[in-house]
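Participant: Structure below; questions to follow.
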Amino acid sequence: MTDLAIIGGTGLTNLEGIEITHRQMMYTPYGEPSAPVTHGNYGGKSIIFLPRHGARHTIPPHKINYRANIWALKELGVTNVLAIAAVGGINPQMKDKELVIPHQLIDYTWSREHTFFSEGLSHVTHIDFTEPYCPELRDLILDAAKQLPFKIHQQGVYGATQGPRLETAAEINRMEKEGCDIVGMTGMPEAALARELELCYATCAIVVNPAAGKNTNPITMSEIEKNLAEGVHQVRDLLNQILLKLA
Ligand code: HPA
């Protein structure tokens, strides 16, 4: 059984260093996941990898089949899910290329299929989501991060927006007042669906731009891609440490 899955975000459609054993097409009651699931070994440990936006990065945040992705991982016997996500920095301390391990989130998304608990129920179910990220997996990540020479923020509030457009400066000001430190488009409903299926889920966010209005320049895709390409190396180093801890 493989117990760790990585959901790769923008900039991480494959995992360098993963020795691929096979790829598996999956079908779930909710449709197909974003891509065939990659099974492999990474640092001597078996691991599953799923690119959230599809193998060729073609699925925008609001079109991702989050339910199929999470269901497929559960069906494969995964117990821990590490989600990698690119984000904009709202808190001025969270700068480009730095990593953030969020401890809380606020959901601003709408109209996404966001629950497994809506049809054919024998009883109405409400999950406890007080702590949206799994404390055990967060602790393991933060412990792994201690060995690394670069800045990793130990907590932060992730604001999940609908996308695919970026936010207005006023929206970011409002989110800042409401307590958000970082902003991304994929954190929800992914985290809640993982909790519904009792998966231990945590996120490693890479800051790839100052959020709207936090810099005088407009936000460009080339800036995002450049920061991502550099930040992804740090994610890989962190992953290696996490896998050493799990071994
Ligand atoms: N806003 C929302 N999502 C993002 C951003 C942003 O500024 N940067 C990367 N993903």
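The values are calculated or read from the model by the stated rules, or taken from the named source; none is laboratory data. Just so we're clear, the structure is a prediction, and the values are computed from it rather than from any experiment. So basically every Cβ, Gly included, is an ideal-geometry build from the backbone, and we count neighbours across all protein chains shown. Side chains included, ligands, DNA and RNA excluded: accessible areas come from the protein's heavy atoms. Shrake-Rupley method; radii C 1.70, N 1.55, O 1.52, S 1.80 Å.
Participant: Within 15 Å of the ligand (Cβ to nearest atom), within 17 Å of K151 (Cα to Cα) and modelled with pLDDT of 95 or more - does that describe any residue in the range 100-120?
Facilitator: Yes: one or more hits.
Participant: Mind listing just one residue for me: the one in the range 171-191 that is in contact (Cβ under 8 Å) with a residue 12 or more places away in the chain, open to solvent by 10 Å² or more (accessible area, probe 1.4 Å) and assigned to a helix (DSSP H, G or I) and, of those, nearest to the ligand (Cβ to nearest atom)?
Facilitator: In this case the residue turns out to be E171.
Participant: Taking L243 as the residue in question, decide whether it is away from the ligand (no atom under 11 Å from the Cβ) and touching a residue at least 24 places away in the same chain (Cβ under 8 Å).
Facilitator: On the way: away from the ligand (no atom under 11 Å from the Cβ): yes; touching a residue at least 24 places away in the same chain (Cβ under 8 Å): yes.
For L243, the condition - away from the ligand (no atom under 11 Å from the Cβ) and touching a residue at least 24 places away in the same chain (Cβ under 8 Å) - is met.
Participant: Does the range 215-247 hold any residues that are outside any helix (DSSP H, G or I) and touching a Gly at 6+ places or on another chain (Cβ under 7 Å), and which are they?
Facilitator: A247
Participant: If you take the residues of the range 20-37 that are open to solvent by 50 Å² or more (accessible area, probe 1.4 Å) and polar (S, T, N, Q), which of them is modelled with the highest pLDDT?
Facilitator: The extreme case among them is Q24.
Participant: Can you name the residue in the range 71-92 that is in contact with a helix residue (DSSP H, G or I) (Cβ under 7 Å, 6 or more places away or on another chain) and open to solvent by 10 Å² or more (accessible area, probe 1.4 Å) and, of all such residues, is nearest to the ligand (Cβ to nearest atom)?
Facilitator: Residue satisfying both the conditions and the ranking: A86.
Participant: Do you know which residues across the range 93-120 are aromatic (F, W, Y) and either buried (at least 22 other Cβ atoms within 10 Å of the Cβ) or without any contact (Cβ under 8 Å) to a residue 60 or more places away in the chain (or both)?
Facilitator: Here is the first cut: in the range 93-120, the ones aromatic (F, W, Y) are 108, 110, 116-117.
Within the range 93-120, just W110 meets the criteria.
Participant: I would also like to ask the following. Please go through the range 160-169 and give me each residue that is more than 8 Å from the ligand (Cβ to nearest atom) and in contact (Cβ under 8 Å) with a residue 40 or more places away in the chain, ordered by number.
Facilitator: Just the residues of the range 160-169 that are more than 8 Å from the ligand (Cβ to nearest atom), to begin with: 160, 162, 164-165, 168-169.
A160, Q162, P164, T168, A169 - these are the residues of the range 160-169 that are more than 8 Å from the ligand (Cβ to nearest atom) and in contact (Cβ under 8 Å) with a residue 40 or more places away in the chain.
Participant: Just one of the numbered conditions (1) without any contact (Cβ under 8 Å) to a residue 60 or more places away in the chain; (2) of a type outside the set (G, A, S); (3) surrounded by 17 or more Cβ atoms within 10 Å (Cβ to Cβ) is not true of P218; which one?
Facilitator: Status for P218: all satisfied but (3).
Participant: For the range 194-247, name all the residues that are more than 16 Å from the chain's Cα centre (by Cα) and of a type in the set (D, E, K, R).
Facilitator: E196, E198, K214, E223, E225, K226, E230, D237, K245
Participant: Within the range 153-170, track down each residue that is open to solvent by less than 60 Å² (accessible area, probe 1.4 Å) and within 18 Å of the chain's Cα centre (by Cα).
Facilitator: Initial filter on the range 153-170 (open to solvent by less than 60 Å² (accessible area, probe 1.4 Å)): 153, 156-163, 167, 169.
Once the filter is applied, which keeps residues that are open to solvent by less than 60 Å² (accessible area, probe 1.4 Å) and within 18 Å of the chain's Cα centre (by Cα), the range 153-170 yields H153, G156, V157, Y158, G159, A160, T161, Q162, G163.
Participant: Being assigned to a loop (DSSP other than H, G, I, E, B), surrounded by fewer than 22 Cβ atoms within 10 Å (Cβ to Cβ) and either on the phi > 0 side of the Ramachandran plot or under 20 Å from the mean Cα position of the chain (by Cα) (or both) narrows it down to one of G40, G17, so name that one. Lay out the reasoning, then the answer.
Facilitator: Values: G40 fails: assigned to a loop (DSSP other than H, G, I, E, B).
Only one candidate qualifies: G17.
Participant: I'd like the full set of residues that are among the hydroxyl-bearing types (S, T, Y) and touching a Gly at 6+ places or on another chain (Cβ under 9 Å), limited to the range 78-133.
Facilitator: To start, the set of residues in the range 78-133 that are among the hydroxyl-bearing types (S, T, Y) comprises 79, 108-109, 111, 115, 118, 122, 125, 130, 133.
Selection gives Y108, T109.
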